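Working notes for the structure below.
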Amino acid sequence: MIDLTFPLDDGPVCACGAALEEGQTLCRKCHALARWLRRTARRRKAGRRRGETRRPAGRPQDFAKAGVIWT
């Protein structure tokens, strides 16, 4: 009989308790979570920035419609 299980006592361990391969600092699940958190933080920041610079809804885009005279 061949035993393909490895003891989990030796080697690096992730913060969630998963066993890590050599050279890894996070398991696949924790790495995906960290990537998702970074991505959503960037989206929230970009959404806030974009909302400040866009024109408010309902205002005319053309200056002539708005009643602005440049003469």
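The values are calculated or read from the model by the stated rules, or taken from the named source; none is laboratory data. Here the structure is a predicted model, which is why all the values come from computation and not from measurement. Heads up, the Cβs are rebuilt from the backbone with ideal geometry, glycines too, and the neighbour counts pull from every protein chain shown.
Okay, here's what the table says:
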{"quantity": "Some residue of segment 47-54 being loosely packed, with under 10 Cβ neighbours inside 10 Å, assigned to a loop (DSSP other than H, G, I, E, B) and modelled with pLDDT of 85 or more", "calculated": "no"}
{"quantity": "Residue in segment 26-45 that is modelled with pLDDT of 60 or more, surrounded by 10 or more Cβ atoms within 10 Å (Cβ to Cβ) and assigned to a loop (DSSP other than H, G, I, E, B) present", "calculated": "yes"}
{"quantity": "Given (1) modelled with pLDDT under 70; (2) exposed (fewer than 10 other Cβ atoms within 10 Å of the Cβ), index of the condition Leu8 fails", "calculated": "(2)"}
